[in-house]
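Structure record follows, encoded as structure tokens.
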Amino acid sequence: MMNSKVVPKYAIVTLVLLAFACSFASAYDPSPLQDFCVAIDNPASAVFVNGKFCKDPKLVTADDFFRSVNIPGNTTNKVGSNVTAVTVEQLPGLNTLGISLARIDFAPRGLNPPHTHPRATEFLIVIEGTLHVGFVTSNADGNRLFTKVLNKGDVFVFPIGLIHFQLNVGNTKAVAFAGLSSQNPGVITIANAVFGSNPPINQDVLTKAFQVDKNLVNYLQQQF
Ligand SMILES: *[C@@H]1O[C@H](CO)[C@@H](O)[C@H](O)[C@H]1NC(C)=O
Ligand SMILES: *[C@@H]1O[C@H](CO)[C@@H](O)[C@H](O)[C@H]1NC(C)=O
């Protein structure tokens, strides 16, 4: 009985926080103002919406919302993993809907190397195999590492913008699917961006940043 006056206050605080969360979300991908806005590259007459034109709704078909990801990516590469993205580029029906997907295949011991998605939180589900996954918090939070070993059916969340990775710790192949909270999440692979940029970052920058000598920086740059 005494709590009856207190509870609504918490409810209001929760609602306010939710409202903030929603307004942050819409700051990344636009909220749809219609059922859909299927992306089209060369419209005869169309409206420009956040980088993608909308296809005339009368011409939209089921295929605009369809894509198959039943073929594993080729994992015969240096890292032993392959990401098959399903963003608005591959699936035009995702335009303005604030969501996308990726299939990630891993060879035994394969790695999806440390990377970040500048525009999306990621929800990962393991379909096959065993993955060691983790993310690192921001500087102000002390760069804490959160890790977990995931088996078939397990899910893990990588918060927007944070550096994360997935390593197949099993001796068999592994498969995971990721849901991402943007039609165009973007990806920055840390090692490639830092040591393989075009043109290369000045070695004085990298030697000081990583506290190593020029030979090691040279060696790392040659790997990308
Ligand atoms: C990923 O797999 C696709 C399909 O097999 C292939 O075309 C592509 O080159 C692969 N990417 C990498 C980085 O190995
Ligand atoms: C996978 O990629 C490797 C290296 O590029 C290539 O030799 C091999 O033929 C590819 N496998 C398939 C099934 O495409």
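Taking I71, I188, I104 as the candidate residues, the one with maximal mean-square fluctuation in a Gaussian network model of the chain, Cα springs under 10 Å, is I71. Mean-square fluctuations from a GNM of the chain, with a 10 angstrom spring cutoff on Cα atoms, peak among L131, L206, L145 at L206.
Taking A107, A178, A140 in turn, the Gaussian network model of the chain (Cα-Cα springs below 10 Å) assigns the largest fluctuation to A140. The local environment of A178, defined by Cβ-Cβ distances under 11 Å, has a net charge of 0 under the rule Lys, Arg +1 and Asp, Glu -1.
Across the range 34-112, the fraction of Cα-Cα pairs farther apart than 22 Å, rounded to a whole number, is 38%. Scanning residues 5 or more positions from Q166 or on other chains, those with amide H under 5 Å from its amide H are N112, with H placed 1.01 Å from N in the peptide plane. Which shape class, rounded, prolate or oblate, goes with the range 121-186 when its Cα gyration tensor gives a ≥ b ≥ c as root eigenvalues, a/c under 1.5 marks rounded, and past that a/b bigger than b/c marks prolate? Judged from the Cα gyration tensor, the range 121-186 comes out oblate (a/c at least 1.5, b/c at or above a/b). Shown here: the range 65-186, whose C-alpha atoms stretch 38, 35, 27 Å along the first, second and third principal axes, sorted largest to smallest.
Over the Cα atoms of the chain, each weighted equally, I'd like the Debye log10 I(q)/I(0) at q = 0.08 Å⁻¹, rounded to two decimals. Results for the chain at q = 0.08 Å⁻¹ read -0.41. Along the range 102-113 the Karplus relation, 6.51 cos²θ - 1.76 cosθ + 1.60 evaluated at θ = phi - 60°, assigns HN-Hα couplings of 9, 9, 10, 9, 10, 6, x, 6, x, 10, 9, x Hz to successive residues, with x for each Gly and Pro.
Charge dipole (Cα centre; +1 on Lys/Arg Cβ, -1 on Asp/Glu Cβ; no other charges) of the chain amounts to roughly 480 debye. Only helices reaching 15 angstrom along their own axis (Cα) with mean Kyte-Doolittle hydropathy no lower than -0.5 count here, and for the DSSP H runs of the chain these are 6-26.
Listed by chain and number, the aspartates and glutamates placed with their C-alpha closer than 19 angstrom to that of K52 are D29, D35, D41, D63, D64, E89; residues fewer than eight positions away on the same chain are left out. When each of T116, T61, T75, T137 is scored by the number of other beta-carbon atoms lying within 10 Å, the sequence from fewest to most is T61, T137, T75, T116. The ranking of E128, E122 by Cβ neighbour count inside 10 Å, starting from the fewest, reads E128, E122.
We did not get these values from a lab; they are worked out from the coordinates using the rules stated. In this text, all values refer to a predicted model and were calculated from it rather than measured experimentally. Cβ sites come from the backbone with ideal geometry, for glycine too, and all protein chains shown count toward neighbours.
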